[in-house]
Structures are given as structure tokens and as C-alpha cells.
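Okay, so here's the structure we're looking at.
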Amino acid sequence: MFELGYIGSRGLHLWNDQQVNVPSTSVLSQGNALLQQVANPFYGEIKNGTLSTKTVQSVQLLRPYPQYTGVSQKRDPEGDSIYHALYMKVDKSFSHNYSVLASYTWSKLIDDVSERFAGTSNISDPNNLRAARALGDFDAPQVFTVAHVITLPFGKKEMYLNHGPAAYVLGGWQLNGVLRAQSGYPISITPPNEANVSGFTSYANKLHSGRPSTTPRSLNAWFDTTAFQIPAPFSLGNDSRNEPDLRTPRSFDYDLGVDRSQAFGERVKGQFRAEAFNLTNTPLYSAPNSTVGNANFGRILGGSNNRVLQLGLRISY
């Protein structure tokens, strides 16, 4: 069976822990004047905390709620996402010995808030989510998966070695495997926060594409670090929330299991399993260091997904 299709979805009112006591970005043009101490109109009314002193920073009085140092809305349903995908699927059984299910997905995810529980990117200006619209943290444009089941053609009632001791030893074995290959996720470049106003988060200044152009990509130089600079003080930078042309390393994984079931009389049945997770021992490299100015900026320093082997025996009666 062959199947070709399209999947599209729109996400509305996605949760985001929103900072709501953030001034307009227009105040950033005042620069250091925002940090100057001015008379505190709440002095004497607020008895403790930073707003109980005679003076406060000028920026405090420019906030929507100047009588509070911070106001946030938990799970504010303000986010938006859109997902498009073209997928292909093949499901084929070859007689009784072999079956395969393969699928391929080509997709794109765009959103304006980070994934709530495991997101990796930041919102620069909470008052302007449109500026945060970018590839989603977990956008994986290409995913290929193959699952197979193979019954070895040996043993009783099979094509080969169907009688004698060899049929007893080699018969009844089955191979089950799953292969998955996937694109990496978008990289989020993080500079030091030069906004100097709580609630804002600076993006980097992007000079050009960070894709390597003259040297081969390596773990020590995953992208062109000269493409990014620390933004000027009291600015939000010009980069995007996630990079449109930089991704973490792709992943590849092949798990294989070998099992055999054997009846002992009418009531007792045994099953032996040997399993290999990540049979090819292909490393899953971590994301590169993405902090501008860090000594390891652009380098991949670790990985995971070592091959795991396990054996199992089950007796049922």
C-alpha cells in the first residue's frame, strides 16, 4: 500500500508565561538615562523592597505598572503556530516472511512562542510576538522511518532446513528493526543580554549567514561565528529567535531485535530476545554552544546515544 498526503495544523492560544510589566521598546533610545535615579512617587506608601526607597531607576516609572517591579501572567494563551507537512508511506508484506513499513515526512513548523516545557529560544520583546515569529524550536523538516519484521526461512514448514536438528535450532527466529533518520533542530543564538531593562532579551546582531562557506563543517566549527556580534547596549539586536539556516546535527538510529519463541509441551512457552539499541553506534551529537562571546561558541562539546545491548528470557506457563 502506498499513501501520499498532506497534513496541516494551526495552533492558537498557545501557553506562554508572559511578562506584562515591560515598557515600550521606544524607551531604549534613552540609553543610560533609564538607569539614573529619580524621585520615587511611591516612597512612604510601599514599605519594603526596592520600591520602598526614596529614589528608583527612571525606567521603573515607564513601566505599565510602575508600582510593581514585575508582573507576569502564567500560561497566557497568546501564542500562535502553523505546521505544514507532505508525507509518504509504504506498507508492504512479502508473503509471510517479510513486511516493511516506511514513511517520509517533509515539513515546516513556524511559531512565535517557545515550546512551554522544553523550549530552547527566548522572546525578545514580550509586547511584540510578531518579532518572535520564526522556525519552531522542534522544527525537523525531514524525517525518514523504516520498520521491518523478518521471519527467517528456516525450520519446520519453511523453505530451507525444514527438518532434522538444524530445523529445530534455526527455526522460529524473527528479526524486528526500526530505523529513523531526522534533520537537526534550529539553533538559537544567545548573546549577553544588552537590553539592560528587565523583561527584554537581546538577540545577536547578525552580519551575514552563519553557514560555513569556505571551510568544511566540523565539531569544532559547526557554524561561522563571525556572523554574529554582541548587540549594542540598550538594543535588542537584529537576529531572529531561531536561525533559519543553522541546525543541530542530524540524528540516525537503528534498533534491531532478534527473538525466538519455543513451546515445551502444551503449557510451557519460552521466548529468547537479543536487542541492540543504536546498532550502528552512531553518536547523537549535542547542540553547539550558541552563546556569543563564549570561548566555545560554535563548538560541539558532547554527545550521547551509545549502543546498548541486552538479552532477555521469558518463560510463560
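Mind listing the long-range amide H neighbours of N242? Cut-off is under 5 Å, sequence gap 5 or more, other chains count too, H placed in the peptide plane at 1.01 Å from N.
L135
Would you mind getting me the FRET efficiency between L219 and S9? Use the beta-carbon distance for r and R0 = 45 Å, nearest 0.05.
Once the sixth-power term is evaluated, E becomes 0.80.
In segment 1-102, what GluC sites (Glu not before Pro) fall in a loop by DSSP, with at most 11 other Cβ atoms inside 10 Å?
Here the sparse-neighbourhood loop sites are E45.
Enumerate the calculated ³J(HN,Hα) couplings along segment 123-131 in order (Karplus 6.51 cos²θ - 1.76 cosθ + 1.60, θ = phi - 60°), each rounded to whole Hz, writing x wherever the residue is Gly or Pro.
Values per residue, Gly and Pro as x: 9, 6, 10, x, 7, 9, 5, 4, 5 Hz.
Quick check on the exposure proxy: order W15, W222 from fewest to most C-beta atoms within 10 angstrom.
Least crowded to most crowded, the residues run W15, W222.
In the neighborhood of A276, defined by Cβ-to-Cβ distances under 13 Å, what is the net charge if each Lys or Arg adds +1 and each Asp or Glu adds -1?
With Lys, Arg at +1 and Asp, Glu at -1, the neighbours total -2.
Can you bin segment 21-70 into rounded, prolate or oblate? Criterion: square roots of the alpha carbon gyration tensor eigenvalues sorted a ≥ b ≥ c, rounded for a/c under 1.5, prolate for a/b above b/c, oblate for the rest.
oblate
What full-extension length gain, to one decimal in nm, is calculated for S209 and V20 as 0.36 nm per residue of separation minus the Cα-Cα distance?
Full extension of this stretch gives 64.7 nm more.
Which entries in K74/K206; K54/K74; K92/K156; K157/K269; K89/K157 show an alpha-carbon gap greater than 27 Å?
Beyond 27 Å between Cα atoms: K74/K206; K54/K74; K89/K157.
First select every other residue whose beta carbon is under 11 angstrom from the beta carbon of S316; then total the charges, Lys and Arg +1, Asp and Glu -1.
Local net charge: +3.
Taking the mean number of other Cβ atoms within 10 Å as a proxy for protection, how do you rank 237-243, 85-91 from highest to lowest?
Packing proxy ranking, top to bottom: 237-243, 85-91.
Can you compute the helix-only [θ] at 222 nm over the chain? Use -39500 (n - 2.57) per DSSP H run of at least 4 residues, normalise by all residues, nearest 500 deg cm²/dmol.
Counting only the DSSP helices, I get -500 deg cm²/dmol.
Tell me, what ³J(HN,Hα) does each residue in segment 229-240 have, in order and in whole Hz, if you take phi through Karplus 6.51 cos²θ - 1.76 cosθ + 1.60 with θ = phi - 60° and put x for Gly and Pro?
Calculated HN-Hα couplings, in order: 10, 5, x, 5, x, 6, 9, 9, x, 10, 7, 9 Hz.
Starting with the fewest neighbours, write out Y6, Y185 ranked by other beta-carbon atoms found within 10 Å of each beta-carbon.
Y6, Y185
Taking the Cβ of S99 as the centre, find all other residues whose Cβ is under 14 Å away and add up their charges (Lys, Arg: +1; Asp, Glu: -1).
+1
Rounded to the nearest 20 Debye, what is the dipole magnitude of the chain about its Cα centre when Lys and Arg each give +1 and Asp and Glu each give -1 at the C-beta?
My answer is approximately 700 debye.
Diagonalise the Cα gyration tensor of segment 214-288 and give the resulting equivalent ellipsoid semi-axes, square root of 5 times each eigenvalue, largest first, whole Å.
That gives 52, 15, 8 Å for the three semi-axes.
Pull up all non-local amide H partners of L279: gap of 5 or more, or a different chain, and H-to-H distance under 5 Å with H placed in the peptide plane.
Those lying under 5 Å, H to H, from L279 are Y254, D255, L256.
Using Cα pairs under 8 angstrom and six or more residues apart, how large is the relative contact order of segment 21-70, in percent?
42
Each reported figure results from applying straightforward, stated rules to the coordinates on display, with no laboratory input. Given the structure is predicted, the values throughout are model-derived calculations rather than measurements. Quick reminder, even Gly has a Cβ in these numbers, built from the backbone with ideal geometry, and neighbours come from all protein chains shown.
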